[in-house]
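Structure, as structure tokens:
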Amino acid sequence: MAAVKETIEAVAALEKYEHGFTSDIDTEYAPKGLSADIVRFISEKKGEPEWMLEWRLAAYERWLAMEEPTWAAVKYEPVDYQDLFYYAAPKQKEGPKSLDEVDPELLAVYEKLGIPLKEQAVLAGVEGAPRYAVDAVFDSVSVVTTFKAELAKVGVIFMPISEALREHPELVRKYLGSVVPVSDNYFAALNSAVFSDGSFVYIPPGVRCPMELSTYFRINASNTGQFERTLIIADKGSYVSYLEGCTAPMRDENQLHAAVVEIVALDDAEVKYSTVQNWYPGDPATGKGGIYNFVTKRADCRGDRSKVSWTQVETGSAITWKYPSCILKGEESSGEFYSIAITNGRQQADTGTKMIHLGKNSRSRIIAKAVSAGKSDSTYRGLVSVHPKATGVRNFTQCDSLLIGKECGSHTVPYIEARNGSAQLEHEATTTRLSDDQLFYAQQRGLSQEEAVALLVNGFVRDVLQELPMEFAVEAQKLVAISLEGSVG
Amino acid sequence: MIPAAQIDLRDASSFPSRRVEAWKYSDLRQVLREAPHPSPSAAIPITGGGPFEALGGEAMVFVNGRPVGVSTLMASGTQTVRLRLISKAEGTGHTVSARISARAGARLLILETHEGEGSAYVAHNRLELDVAHDAEVTRIVLADEAADVVSISQARVRVAPGGRYRQTIVTTGAKLQRLETEVTHLAQGADVRLDGLYLLSDARHADLTSVVDHAAANGTTSQLTKGVVRDTARGVFQGKIVVERGADGTDARMGHHALILGERAEVDAKPELIIYADDVQCAHGNTVGNLDQNALFYMQQRGIPADEARALLTEAFLVEVVDRIEPEGAREVVREWLTARL
């Protein structure tokens, strides 16, 4: 009976979102609502050059003329864009030189987040701390950037994009919006107008980035839309692995998150982008209060033989609307997409990828695993398209869905457009429920039902977990189990 | 569940454009900017008995949209109906409206032929089909139309508990051709097979679209579509299988495989699964590619000329769909029809 009690306690504890806490740090807000003046305010606050302000204002104009898309298989209360704060910055002295200058509460937040990447040690200045570079995004302004010097030694630029605008305006100006144009879609236009901060990465030619770069996003201030902007440029022959992990505190009002990630890969460059997203999914019974995650992520494989690989573990958010894509322009360029989407409670996820083959002999591979439980809905929506001039294209797509429970839904909506005779495209999809036999077998061997489910689901998503960097894989495996607690029995 | 586009040939504003998701790959508005003039309705002599003449059965004939005889039919027992949709028009448009019901326990074979004898016409065929309790209906469609024709066929099928529905569509396309099948409200234990085959050359287009809606438990759907496109032809396959809440025990399989044999030919596919029940087995597979170069090489090595080897491999690829046709008589007619066009 002790084991049963333990499980009950564990489940009870899980009903509260693990990262559901709010810390009180002085936040400087822009007034609520969105107007050209707010855009000017943000731009001024960040001390941006004139061209940047014009760029933002142009995006704002475009956004006004656009309509919110409704084609995704998700339902949510319409967002009142005038009822949001578009700028919140933790009050900070400019550029903390040492940890002593960092708000201790901020450090406490990191601690509560349980940042597994040992950044704590890094932030605390411990000698011989492992080498990860963290660009922590706290609300909207990047607060601490570590390892700058070490990265600078090899010429890698890794800094908040607001800083990059001042220090490397030519690079930002050249690449910003070149992968995701301001008018690409409704949320990208909104982001372009009001993005407050994000990360900027530049890897010079021939450099293999000596460490994994990671950013922790965190939405903290109540009612603040978070509009991240990430720009990664991998110059010829370079390599970088970028980790993005997300948590957010508990809240009752829906929060909007409309990020844009742009990746440019030049000749022979390789970028690996991994995400673990665990934002507050809303109340499991009512779906109230979860995060709206409307993200535009796109990689431009401009160079020949360039490669971009997206790996994502999506367990959080009330609504997810996200399609990390690859434009395979370069000859023999390749794109990969590995995804785990787990929905439980009232969560809704509409996610997938686009592989646009423009270059000769370009290749792509898509492995998408969706697990739906509770009253959630999960959709894979993807496109593989082959341009008439792209000869010798190869694509392999596999979408598997697992259903747990009678009230969830799982959908697969792939689009395949082949305009070249030499293309070889394969797509397969399956939808099944969790096997009773396997569950029974695992329970017979002494596992509790929940452990058995976690074990089987982890087996189901293994192909994708293997693609994650080591430290993420461990965290993700735990997440998979946690997200499905309470889904059976 | 998914309302089909209500197309009215007299009203150009009812023509869907590619902005309508279900017509994304078949832009009717682009090829048909204005409503066509109505086709002549004067009595037109009918020649022959159509491709399936040898199989006998009752004929149900429409010429330019007008029924020659009945436009509704109620089948019972074992019956064969040759549904002939004949278009003898030049640049004009017409609509067919047919209704066929199979009574409980009936065995009905519908041999449908789209016989185009004119040019540049617009044909809109609407078929309502009811499959009653324990009835079995087999529908085989041969669509043979001119390259400059616009042709839209919409079949709506309802299958009662324990009913079986088998369908095979074989087409060579047209300027814009849409062959739509919507199987709605599949009741308990209903069993459906929807097959398709397209063989397109020049600038032809064919769009095989289907929606199968499983509304009750233990239904089965099996779908296999194969196609070959040459030159600048465009083949479209859109298949949607919906499993509604409570439709447990559903087993649905969908396959679409296409060969692109022309440098500028195109294949667009959208195989969809929309699932709201958990005790299901659903899968789809989709491949697009070219002939196996190793097989071609092997055959040439054995003394078969390249063209012949290609034709053989293409036939072998397509014939899998034909082989699934029952009964044998109809299968042989389709096989000959196909071989003549390869």
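Tabulated data for the structure shown
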quantity: Checking B:Leu342 against (1) modelled with pLDDT of 90 or more; (2) under 28 Å from B:Ser26 (Cα atoms), the condition it does not meet; calculated: (1)
quantity: Residue within the range B:319-333 that is of a type outside the set (A, V, I, L, M), in contact with a strand residue (DSSP E or B) (Cβ under 8 Å, 6 or more places away or on another chain), modelled with pLDDT of 90 or more and surrounded by 18 or more Cβ atoms within 10 Å (Cβ to Cβ) present; calculated: no
quantity: The range B:312-326 residues that are touching a residue at least 40 places away in the same chain (Cβ under 8 Å), paired with ones that are part of a helix (DSSP H, G or I) and not aliphatic (A, V, I, L, M) (beta carbon under 6 Å, 6 or more apart); calculated: B:Val322/B:Arg335; B:Ile325/B:Arg331
quantity: Among the residues listed as B:Lys226, B:Lys175, the single one being in contact with a His (Cβ under 7 Å, 6 or more places away or on another chain) and within 15 Å of B:Ala269 (Cβ to Cβ); calculated: B:Lys226
quantity: Selection within the range A:360-374 - surrounded by fewer than 23 Cβ atoms within 10 Å (Cβ to Cβ) and without any contact (Cβ under 8 Å) to a residue 40 or more places away in the chain; calculated: A:Lys360, A:Asn361, A:Arg363, A:Arg365
quantity: Strands (runs of 3 or more DSSP E) (entirely within the range B:232-334) containing at least 2 residues that are acidic (Asp, Glu); calculated: B:266-275
quantity: Residues of the range A:354-370 satisfying the condition of being in contact with a strand residue (DSSP E or B) (Cβ under 7 Å, 6 or more places away or on another chain) and not aliphatic (A, V, I, L, M); calculated: A:Lys354, A:His357, A:Gly359, A:Ser362, A:Arg363, A:Ser364, A:Arg365, A:Lys369
quantity: Close pairs (6 angstrom Cβ cut-off, 6 or more residues apart or separate chains): part of a loop (DSSP other than H, G, I, E, B) in the range B:141-153, buried (at least 18 other Cβ atoms within 10 Å of the Cβ) and of a type in the set (A, V, I, L, M, F, W, C) anywhere; calculated: B:Glu145/B:Ala174; B:Val149/B:Ala174
quantity: Selection from the range A:28-78 of residues that are under 30 Å from B:Leu273 (Cβ atoms) and loosely packed, with under 14 Cβ neighbours inside 10 Å; calculated: A:Glu67, A:Glu68, A:Pro69, A:Thr70, A:Trp71, A:Lys75, A:Glu77, A:Pro78
quantity: Condition met for A:Ser448 (crowded, with 23+ Cβ neighbours inside 10 Å and more than 8 Å from chain B (Cβ to nearest Cβ)); calculated: no
quantity: Subset of the range B:247-292 that is of a type in the set (Gly, Ala, Ser) and either free of Cβ contacts under 8 Å to residues at least 12 places away in the same chain or facing chain A (nearest Cβ under 8 Å) (or both) - its residue that is nearest to B:His214 (Cα to Cα); calculated: B:Ala277
quantity: Strands (runs of 3 or more DSSP E) lying entirely in the range B:156-213 (those with 1 or more residues that are surrounded by fewer than 23 Cβ atoms within 10 Å (Cβ to Cβ) and of a type in the set (S, T, N, Q)); calculated: B:176-186
quantity: Strands (runs of 3 or more DSSP E) contained in the range B:4-108 and holding at least 1 residues touching a Phe, Trp or Tyr at 6+ places or on another chain (Cβ under 9 Å) and crowded, with 16+ Cβ neighbours inside 10 Å; calculated: B:78-87, B:93-102
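The values are calculated or read from the model by the stated rules, or taken from the named source; none is laboratory data. It should be emphasised that the depicted structure is a prediction, and the values quoted were computed from it without experimental measurement. Cβ coordinates were reconstructed from backbone atoms using ideal geometry, including for glycine residues, and neighbour counts include every protein chain displayed.
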